[in-house]
1. Once amide H atoms are placed 1.01 Å from N in the peptide plane, what residues at a sequence separation of 5 or more from A:Ser469, or on another chain, have their amide H within under 5 Å of its amide H?
2. Give me the inter-chain shielding for B:218-230: mean count of other chain Cβ atoms within 10 Å, whole number please.
3. Averaged over its residues, how many other protein chain Cβ atoms are within 10 Å of peptide A:134-146's Cβ atoms?
4. What are the residues whose amide H is under 5 Å from the amide H of B:Tyr175, where those residues sit 5 or more places off or on another chain and H is modelled from the backbone?
5. Using the structure shown, select from A:Lys255/A:Lys281; A:Lys49/A:Lys157; A:Lys451/A:Lys501 the pairs with a Cα to Cα distance greater than 25 angstrom.
6. What angle, in degrees between 0 and 90 and rounded to the nearest 10, separates the Cα long axis of helix B:184-193 from the longest principal axis of the Cα atoms of chain B?
7. Which is farthest toward the positive dipole end of chain A among A:Pro313, A:Leu333, A:Val107, measuring Cα position about the Cα centre, with Cβ charges +1 (Lys, Arg) and -1 (Asp, Glu)?
8. Can you sort A:Trp60, A:Trp306 so the residue with the fewest Cβ neighbours within 10 Å comes first?
Amino acid sequence: MARPADVVPTPAAPEPRDTTGASAAPPQRTMPRGTTWLDERMGLAKIGKAGLRKVFPDHWSFLLGEIALYSFIVLLITGIFLTIWFRPSMAEIEYTGTYELMRGRHVSEAFASALDISFDVRGGLLVRQIHHWAALLFVAAITAHMLRVFFTGAFRKPREINWLIGVGLMATSLIAGFSGYSLPDDLLSGTGLRFVDGLIRSIPVVGTWLEFFVFGGQFPGELLISRLYMVHILLVPAVILGLISAHLALVVYHKHTQFPGPGRTEANVVGYPLFPVYMAKAGGFFFIVFGALILMAATMSINQVWLYGPYNPAAVTAGSQPDWYMGWLEGALRLIPPGWESHWGNTTWTWSVFLPGVGLMGLLFTVLALWPFVEAKLLGDTSEHHLLDRPRNAPTRTALGVAGMTCYGMFWLNGANDIIATQFNVSLNAVTMSIRVLVFVMPVIAFFVTKRICLSLQRADRERVLHGSESGVLVRDPAGGYAEGHAPISQGEAFTLTQHKQYEPLEASETEDEHGVRRRDPNAVSGFTARMSRWFVGDDVRKPTAAELEEAHHHEDASDDDMPRQLV
Amino acid sequence: MRPPRTRRRHRAARPAALVLALILFGSLYAAFVPSTQVAADTGMSGQVAEGKALYQVTCSSCHGLNGEGTSQGPTLVGVGAAAVDFQMSTGRMPMARPGMQAPSRVNTYTAEEIAAISAYVASLGPGPAVPNSSQYDYSTLTEEEIARGGEMFRTNCSACHQAAGVGGALPNGKYAPPLTGVEPLHIYEAMRTGPQQMPVFSEGAIPDEDVAAIIGYLKTMEEQPTLGFTLGGFGPVTEGLAVWVVGIGGLCLVAVWIASRGALKR
């Protein structure tokens, strides 16, 4: 690797202009000429010195966020191509393009241009499909990345703000996806817009006003596509770009988290430097993601707008679903018994639309945003964390996460209840009725099952540390008894299994001092927090103490003497 | 004194009187109710008679001996030959087992048998007849007319049968079946007779040339080349499944490979 050029050590502030490179003796030729030229003008060496040796740890799950980043880049590239031909107008024109089954029909200009991109622009359909697959992959990768961060505790101090930025990115990506999905002005996306129109109108008191504001009058109006276009190609990408920059800047600032292991501490990062290893790995992965998207777009058709036809408020198609990331809200709306409405004064509160639609979305993002702070409070934890949790070592958090995923999954499943009914030959009503029950029951089951699995894994870890690894060799002793020898595990593995912090449930602090005066302690732990804390960590299996470890080893030495050592 | 007459009448007197009375009432009934039914019965063609015989073997247990309907099946008076032709040619009738809806199966009846039963059911009351092929022929339609058929399809049909005609779910285990691979004749008959959950689209609502346009749209759509793997044509549900399984799943496999290349694993 090229070494950074010798630069005179920078004195303390005020930072002088670095003119030494040009005026001093000719620089040593350790860098290629072009690099030197750039360094003299932009100070590349300094940036490179700090940046190129930046270390990233290796784990497959750390690449989930990269999938999101790369699909976003693909979205930008393909999006630019699409803007060249897309016409964001709801003006009605006669379709005269290649697709014969639509010829002579009156369609909106947006729909006609979507058909033109699909059938008349060279490579247009491929790019349209890459763009749509990339959009689905983008949101999916963000979700998977967020789950990884949640289950490994990577949101803990000092990364709470980055977690919040991530939550913001997630929300923005939903807006980006939905606004783009609606642009072709086809029957399916128009039905989706009608759905959103309903959500907006269900907002109490101001709903109708908001609808008129968004749609420029009654649904569907004539403005929406051009407004969504602005949101989709200008506003949302700008916000996403800004948030991604902040997200990545904070990753660089905090340094990447790593899984625990020998030699990995809270104070270091063990991995490969950006240059050349991670540049190759990450750069290569970009091309793999791009290639996978092209492959998907070339082989699997997506969003065949020509089949759905132009949007017409009087028409609808069976099997209308939104893209996957809105599916759970669709499912919740299909789930809730209809007609739940109250009238107060001259206002209407349509709970059966507002609660599943607006309420659930608000709930999800509120819970996500608050979680790092809630968990820190329950653990009384103010320390920094750069080593990741193994999910089993936070049993209640892991169980809560799985319960949340299960609940989401039930809503999600119900979003496809009609497809399930026709494809598996079951009654639509039976599907909906069972999910109405399962959406409450399954998360509870998932919580307890996951928690028990985590605790069992913790117990297994403890056993492994204390008694070693099962050798798999059964030995019959002279008295006729059978025993299995255990091989001691390596120091490194023992460290990995025991390095995590053992949290104790918080104790409620005294509310009054010995004179019966109320304490005013900002760090006081309330009874409620103490109870929640006990619920959160009270069941954790204790990791072996040094004394226990010592004793276990003695026990082994004492009792296993008659075991044939060579077997283990 | 006369001996008591133990047998005052001839032993055949009572049956004879019964027969006489039956004949008398029968003749009276025939005289006072000179219905077309009787005329039709007498003029019953060979095909109708054959159909009636077949009907009584295969259909009457649910639809009644004379097509009057039972608790198990609706009346067939007035459904017309088109309904019988549709239900039997697509294998929906006779039903294999009771259920919310009769699924289409392989038809095991010959065209003659179905024609005979159709003729018999048509004789029960007036109803839509089996159309001749000129009524739904779409080969003479222009592209614009077929495109208009698409619009009518989206307005009238896609709410249940889905925009690509792959079918859709209806409440309580009922469903709108897929339209791909269905004979134009059967689409026409289904629209006119409204089988099972389907509403009737009568000639007054959608004239023959519009039906032909809709059929033309469906058939032309089927002939379009599919652009790659269509994922069943179900739209976003299978697309979402694909992006999670193929996209995220596949890229995770690659990620495992990328991250496993190194001396400092984990």
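1. A:Ala487, A:Ile489
2. Partner-chain Cβ atoms within 10 Å, mean over residues of B:218-230: 3.
3. The mean count of partner-chain Cβ atoms within 10 Å per residue comes to 3.
4. Under 5 Å from the amide H of B:Tyr175 lie the amide H atoms of B:Leu170, each far enough along the sequence or on another chain.
5. A:Lys49/A:Lys157
6. 60 degrees
7. A:Val107
8. A:Trp60, A:Trp306
FYI, it's all coordinate maths here, none of it is from the lab. Here the structure is a predicted model, which means the values were calculated and not measured. Cβ atoms come from the backbone with ideal geometry, glycine included; neighbour counts cover every protein chain shown.
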